[in-house]
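The values are calculated or read from the model by the stated rules, or taken from the named source; none is laboratory data. The shown structure was predicted, so the numbers you read here are calculated from the model rather than taken from an experiment. Ideal geometry is used to build each Cβ from the backbone, glycine not excepted, and the neighbour counts take in all protein chains shown.
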Amino acid sequence: MPEFVYESPIGPLIISFYGRRVIALKWKSLAMPEKKVEEYLADSYTDEIASKLDSYFSGKTDATGIKVKMHGTAFQKKVWKSMIEIPLGETRTYSDVASTIGKPRAHRAVGNACARNRIPVIIPCHRVVGKDNILGWSGNPRAKEWLLEHEKKNSVIGI
């Protein structure tokens, strides 16, 4: 599976793709085993992904225009598709997402699906928060706060 390292404002991201679809995104600092940047593979598709991420991180667009291939249960895929529909600069609670997918009592299961999202940022699980606080985020908790602030600031100017 081809991978490349994208240098983002929230730290280096390893992006894995197959067949012109992103299948995983992870923080390089959390990747196991540790590889040197030059050991990652890439192809012509990396420029397209990097360009879209550049636009997102510069506040020009949303990151959801990047094509993904989701690997998970039917329930998880419903949750992830619901997260993609959350508008830039907005958040939803775990209960909101559970209601949206027709499972109003499944807020804990929604939280578990968020934690198993293999494509954070692009599938915006950072937009799902607790009723009383932001809560943690698997991978990089400070990134969740940064992304929410970034999106809130940039959604005001009409991305």
### Query
Just for segment 90-120: of the residues that are in contact with a helix residue (DSSP H, G or I) (Cβ under 6 Å, 6 or more places away or on another chain), among the small types (Gly, Ala, Ser) and closer than 22 Å to LYS26 by Cβ, which one is surrounded by the most Cβ atoms within 10 Å (Cβ to Cβ)?
ALA113
### Message
For segment 63-84, give me each residue that is without any contact (Cβ under 8 Å) to a residue 24 or more places away in the chain and in contact with a Ser or Thr (Cβ under 8 Å, 6 or more places away or on another chain).
### Response
SER82
### Query
Restricting attention to segment 5-20, does a residue exist that is assigned to a loop (DSSP other than H, G, I, E, B) and modelled with pLDDT under 90?
yes
